[in-house]
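Peer 1: Structure provided below as structure tokens; questions to follow.
The values are calculated or read from the model by the stated rules, or taken from the named source; none is laboratory data. What you are looking at is a predicted structure, and each value in this text was computed from that prediction instead of being measured. Here the Cβ positions follow ideal geometry from the backbone for every residue, glycine too, while neighbour counts run over all protein chains shown.
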Amino acid sequence: MMTANEIRDSFKKFFESKGHTIVPSAPMVIKDDPTLMFTNAGMNQWKDIILGTREPEPRRRADTQKCLRVSGKHNDLEEVGHDTYHHTMFEMLGNWSFGDYFKEGAIDYAWEYLVDVLKLNPADLYVTVFEGSEEEGLTRDDEAASYWAKHVPADHIINGNKHDNFWEMGDTGPCGPCSEIHLDSRTPEEKAKVPGRELVNKDDPQVIEIWNIVFMQYERKANGSLVPLPMHVIDTGMGFERLVRAMQGKHSNYDTDIFQPIIKEEEAITGMKYGEKEDTDVAMRVCADHLRAVAFSIADGQLPSNAKAGYVIRRILRRAVRYAYTFLGQKEGFLYKLIPVLTREMGEAFPELKAQHDLIIHVIKEEEDSFLRTLEKGINMLNSAMDELKKQGKTELDGVQAFRLFDTYGFPLDLTELICRENGFTVAADEFDAEMQKQKERARNAAAVENSDWVILREGEQQFVGYDFTEYECHILRYRKVTQKKNTYFELVLDNTPFYGEMGGQVGDTGVLVSEDETVTITDTKRENGQSVHIVKALPKNPEADFMACVDVDAREGSAANHTATHLLDYALKQVLGDHVEQKGSFVSPTTLRFDFSHFTKVTDEELRKVERLVNDLIRQDLPLDEHRDTPFEEAKKLGAIALFGEKYGDKVRVVRFGPSCEFCGGIHAQSTGRIGMFKIISESSVAAGIRRIEAKTGKECEELMYDIEDMLKAIRGLFNNAKDLQGVIGKYIEEHDAMKKNIEQFQAAAVERTKNDLIAKAREVNGVKVITAVLPLEPAAAKDLMFKLRQAVPANLLAVVGSVAHEKPMLNVCMSDDLVKDHSLNAGQMVREAAKLIQGGGGGQPHFAQAGGKNVDGLSAAVDKVVELAQL
């Protein structure tokens, strides 16, 4: 039986023998395509070639591509774990032809590989072809059907509808009819009862699609129309996990050697057995699958966060944590313990796992620990809500509370329903759905972008000339109108442009387009499908005129200096902290320098000073820019250039060297390090587990910073009568302040003690309970101290409610003895929240002690009385 690694290698070797260049997988997170967040198919990295904006050499390629399908049009997240063949992260084996072979060649290669190389039984294979679409004006794909007829009988060729057999990457972009290959892996007895053709695309777990061959012929426009692509493209995608399942004779992808090592490790850690209980099996499958998605995303440079792609990764991770917590009994971090086995099994095929091994573990562990704390808070909140339902005699949790659990604590509805069901409650799911819809509408209204179709003025490809020029003659190739909220602007693509499009953390250039009749301001330049897209508020009056594209040189030089400084900073950090330092992100603008890097402890002040000195020494050396353009990738590595994980590099790359610093980079740089002027670190902080961030200033910004510091020191010196020994004088003032503060605290403690005794002496008794009420001028800290002293002095049958006022701000303080909490089912937190309405405020706390702040001092006495009323003594 072939192993997964052997099957992957056989695919590459087969297509290499057919003249295909084997290329590495692109990162899963997409950085320069606004229409996609993640690589959801093997063809994503070739989109610019398919659209005709990049040369298609070599024309034949093959690889295994890491894909992620958890958002947008292709979203399999909710199925993952509950069936045996859907995944979030998966490998897509693919071969491409750009203007070379088309339908016949692709079909012949697929059949030869499956039948002659892998020895799959032809009788178990069924193929589908596009049946056509009247609404699109498309006829049946008879051409593909005729080529399939060479290999399979007519009853194994099945018509497929637009949903199944017309492949589209998204709402817009490359698309075309496709042929799927389905494998029937049922037993002979099952096959005899129902023909395989009747189960194709019917969600039968044993009759599954393993390969999709897309005949890319069209581009979908924003208005829904289809236009022919510049050339025909073959894009095939074979689900590696499903193929391995077929080859190893398994009925589940999770029974293959792709997932079994991870599942075995789960068994070892949890003490549970896979295959004995459905809930446990689902949880183990979810964790095994999601582990891969999160680990590969981190390896590719995408950390979990609360925004965009980072939010999706965090959501996947938290889904796995939730399943491990609920069904595998894992109350502490669990997923990070599975990383070593994942690296062992997949590290050879994907070396980024090995290189980023420690970082992946640190990030996942911190994320798990953080969410488990949140999960516990959410469960406590849910328990309190269910206790309240019991008191009220209700059996249904309202959907607003359920949504608050989801929105604040990350509780999916099904987890809330599960916990409620275990306690005899239901959840108003329709109300939850309504709240979710409101949130989606808010998000949609905030981020909705409507693009019109490109208006083509000239044919041709864009040439970037920005490395050598800041001004250049040009024409507009095409433009389109973009509407976002109430804001409307235009995007222009020029034939020759000196404008750098935002990429690699460097902001896009600004400037102007100048013709004989007008000057149009370019407010920004973005990167899309390998091209610079220029943003203008209004379209030129004559878009077909001759223009001069002029970059804002001052802004460009500021960005270039900061970008070069990040290269020097990267080098310096490696020298001071060690070779484990890896760049994990950066942002440079004319005034800003931000650099993220892997390091597991805080960088000390001494280390930061060494880094600063080293960078400034390199600046003073005035090292010239040594640039190597269009360098073959392997040759670039021999030069010592540093490649970043998570970046997509082509066959040829640009290498940027400044003395000892040598990196792959496509950005704009200073012509020499001396132009940076000076480098100063402003802050160093943590971004995530194992990721630190340095913010710094260069050049003129350093100069302004020094002036600000000088002005501040002058002002401080003036406050201390221009003392010569400023540090000594400030130290003396601090000592005197601390001494006075200590005296005040002692005085307050004595006052609180006297107040406590007075209040106890004046307490009234209600049904055997000492009730203390008062409104006093007390600081918040003193009020809290008073409440705990009262609890200590009266350990049983005590209810104390004190309104305190400080700086015209009212505060309500409630405490009670433990026996009242237990025997009378009283809760200080609930009572203080209700009474706080009278002071126009809110608060909360523990059952035995709670506080609330507000705005209305006049309502404080009424709030105190309200708490006593709520106690119902």
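Peer 1: Of the residues 363, 400, which is in contact with a strand residue (DSSP E or B) (Cβ under 9 Å, 6 or more places away or on another chain) and at pLDDT 90 or above?
Peer 2: Just a single option satisfies the conditions, and that option is 363.
Peer 1: Does residue 267 satisfy the condition of being free of Cβ contacts under 8 Å to residues at least 40 places away in the same chain and either more than 31 Å from the chain's Cα centre (by Cα) or outside any helix (DSSP H, G or I) (or both)?
Peer 2: no
Peer 1: Of the residues 692, 613, 609, only one is touching an Asp or Glu at 6+ places or on another chain (Cβ under 7 Å) and of a type in the set (Lys, Arg); which?
Peer 2: Just one listed residue meets the conditions, 692.
Peer 1: Check every one of the helices (runs of 4 or more DSSP H) wholly within segment 796-873 and list those with 2 or more residues that are buried (at least 19 other Cβ atoms within 10 Å of the Cβ) and in contact (Cβ under 8 Å) with a residue 12 or more places away in the chain.
Peer 2: 828-835, 860-871
Peer 1: Return the residue satisfying two criteria in turn: it lies in segment 374-406 and is of a type outside the set (Val, Ile, Thr) and touching an Asp or Glu at 6+ places or on another chain (Cβ under 8 Å), and of such residues it is farthest from residue 316 (Cα to Cα).
Peer 2: Going through the qualifying residues, I end up with 389.
Peer 1: Does residue 479 satisfy being outside any loop (DSSP other than H, G, I, E, B) and either more than 25 Å from residue 564 (Cβ to Cβ) or modelled with pLDDT of 95 or more (or both)?
Peer 2: When the stated conditions are applied, residue 479 passes them.
Peer 1: Still on this structure, please answer the following. Could you check segment 552-582 and list, in sequence order, the residues that are of a type outside the set (Gly, Ala, Ser) and crowded, with 23+ Cβ neighbours inside 10 Å?
Peer 2: 562, 563, 564, 566, 567, 568, 569, 573
Peer 1: Scanning segment 118-131 for residues that are among the charged types (D, E, K, R) and without any contact (Cβ under 8 Å) to a residue 60 or more places away in the chain, which turns out nearest to residue 175 (Cα to Cα)?
Peer 2: Per the stated criteria, the residue is 131.
Peer 1: Taking residue 716, is it more than 30 Å from residue 564 (Cβ to Cβ), without any contact (Cβ under 8 Å) to a residue 60 or more places away in the chain and surrounded by 10 or more Cβ atoms within 10 Å (Cβ to Cβ)?
Peer 2: Taking the combined requirement at face value, the residue satisfies it.
Peer 1: Also: In segment 566-592, how many are in contact with an Asp or Glu (Cβ under 7 Å, 6 or more places away or on another chain) and either in a strand (DSSP E or B) or more than 21 Å from residue 302 (Cα to Cα) (or both)?
Peer 2: Total satisfying the criteria: 7.
Peer 1: Shifting gears a bit: Residue by residue through segment 662-689, note down the ones that are part of a strand (DSSP E or B), at pLDDT 95 or above and in contact with a helix residue (DSSP H, G or I) (Cβ under 7 Å, 6 or more places away or on another chain).
Peer 2: Within segment 662-689, 679, 680, 681, 684 meet the criteria.
Peer 1: Within segment 132-180, take every residue that is without any contact (Cβ under 8 Å) to a residue 60 or more places away in the chain, touching a strand residue (DSSP E or B) at 6+ places or on another chain (Cβ under 8 Å) and β-branched (Val, Ile, Thr) and give me the one that is farthest from residue 195 (Cα to Cα).
Peer 2: Among those residues, the one meeting the criterion is 152.
Peer 1: Can I ask one more? If you check every pair at least six apart or on different chains, which have Cβ atoms under 6 Å apart with a residue in segment 84-98 that is in contact (Cβ under 8 Å) with a residue 40 or more places away in the chain and more than 14 Å from residue 68 (Cα to Cα) first and a residue that is assigned to a strand (DSSP E or B) and small (Gly, Ala, Ser) second?
Peer 2: That search, which allows pairs on different chains as well, returns 94/237; 95/62.
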